[in-house]
Amino acid sequence: MGRDNDALVSVKGGALLSMGKGRGRTVSGLPIPPRLILSRDTTSWTLTTREAYKSATAAWQDARSVKRQEVTA
């Protein structure tokens, strides 16, 4: 159903939710406010010496282009 309608579909709280991808809106249509993600919000992360790796990669869903974006630094 999600693929057919370019939507995200999930069961939450006993209800079937279907939301359009990349629109930055809640199921009720309200805008989703931005939220800063802090280290305490992550499930797992580790610190290591800088010399151990050559780069880091971050990925996210871009609301404007409705595509997964990725950057490596």
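General remarks:
- Only one item in (i) 32; (ii) 39; (iii) 57 matches percent of Cα pairs over 19 Å apart derived from the coordinates shown, and that item is (iii).
- You can think of it this way: the chain between Lys21 and Leu8 has 4.1 nm of extra reach, that is 0.36 nm per residue less the Cα-Cα gap.
- Set of lysines near Lys21 by C-alpha distance (under 18 Å), chain-local residues within fewer than 8 positions excluded: Lys12, Lys67
- Between Ile32 and Ala73, the simple spin-label model (points 7 angstrom out along Cα→Cβ) gives 2.3 nm.
- Selection among Pro31, Thr72, Ala15 by position relative to the dipole of the chain gives Pro31 as farthest towards the positive end (Cβ unit charges, Cα centre).
- Other residues with beta-carbon under 13 Å from the beta-carbon of Asn5 carry, at +1 per Lys or Arg and -1 per Asp or Glu, a net charge of +1.
Since every read-out is calculated from the coordinates, none of them should be taken as a lab result. This structure is a prediction, so every number in the text was calculated from the model and none was measured. A quick note on method: Cβ atoms are made from the backbone with ideal geometry, for glycine too, and the neighbour counts reach across all protein chains shown.
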